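What follows is a set of notes on a single structure, which appears directly below.
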Amino acid sequence: MRRATIQTWLMTTQKLVVKERRSARRKAQVRFLVDSGAVYSLVPAKVLTQLGIRPHRKVEFALADGRIISRKVGDAYFEHLGTGGAAPVIFGEEGDEPLLGVTTLESLGLVLDPFKRRLLPMRMLLARARPVRR
């Protein structure tokens with residue numbers, strides 16, 4: 001049986017700065033695999049702990065092979081090219097790869113172009129209710 005290989009040249013990676021909060025001095029630069037199928041981003045727990053980020057809950061996640069795993073989740077501040085935003089973050093364990101999920105992308109106002117495999121500014125939409133006429 002042939003072993004499956006991951007073709008990394010087909011994947012998009014991106015470096016972002018991770019901090020506890022916007023004004024925090026301690027920061028880490030992390031290279032993420034951009035995963036538009038992931039809701040939350042994942043950073044190694046060791047990195048998050050060194051930044052002073054603490055988990056506040058546990059969440060169950062389904063893996064592609066159907067297994068269910070549990071991971072701690074907290075909140076972090078992410079920066080990309082001078083733009084920042086807060087988002088939930090998974091405390092990665094050994095064997096987990098750093099992932100950049102859609103919640104973080106949306107917080108940064110970014111979207112993944114799946115054809116050119118690059119991050120682009122998101123078109124921001126705002127719904128406005130019409131005043132009720134009497």
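Observations on the model:
- Residues satisfying the stated conditions in the stretch 23-54, i.e. among the aromatic types (Phe, Trp, Tyr) and closer than 10 Å to Pro98 by Cβ: Phe32
- Among the residues listed as Glu79, Glu93, the single one being at pLDDT 95 or above, more than 22 Å from Ser107 (Cα to Cα) and not basic (Lys, Arg): Glu93
- Residues that are within 18 Å of Lys46 (Cβ to Cβ) and of a type in the set (A, V, I, L, M) were ranked within the stretch 72-99; the one that is surrounded by the fewest Cβ atoms within 10 Å (Cβ to Cβ) is Val73.
- Some residue of the stretch 114-127 being in contact with a His (Cβ under 9 Å, 6 or more places away or on another chain) and under 20 Å from Thr13 (Cβ atoms): yes
- Residues located in the stretch 28-52, provided they are under 15 Å from Glu93 (Cβ atoms) and of a type outside the set (Gly, Ala, Ser): Tyr40, Leu42, Val43, Pro44, Lys46, Val47, Leu48, Thr49
- Output for the stretch 72-130, where each listed residue is aliphatic (A, V, I, L, M) and not in a strand (DSSP E or B): Leu81, Val102, Leu105, Leu108, Met122, Met124, Leu125, Leu126, Ala127, Ala129
- Residue in the stretch 37-49 that is in contact with a helix residue (DSSP H, G or I) (Cβ under 6 Å, 6 or more places away or on another chain) and more than 13 Å from Leu16 (Cβ to Cβ) present: yes
- Residues of the stretch 41-71 that are loosely packed, with under 15 Cβ neighbours inside 10 Å, part of a loop (DSSP other than H, G, I, E, B) and not acidic (Asp, Glu): Gly52, Arg54, His56, Leu63, Ala64, Gly66, Arg67.
- Hits in the stretch 17-40 - residues which are part of a loop (DSSP other than H, G, I, E, B) and touching a Ser or Thr at 6+ places or on another chain (Cβ under 8 Å): Val39, Tyr40
The values are calculated or read from the model by the stated rules, or taken from the named source; none is laboratory data. Predicted model only: the values in this text are computed from it and were never measured. When we count neighbours, we look across all protein chains shown, and the Cβ atoms used for this are built from the backbone with ideal geometry, even at glycine.
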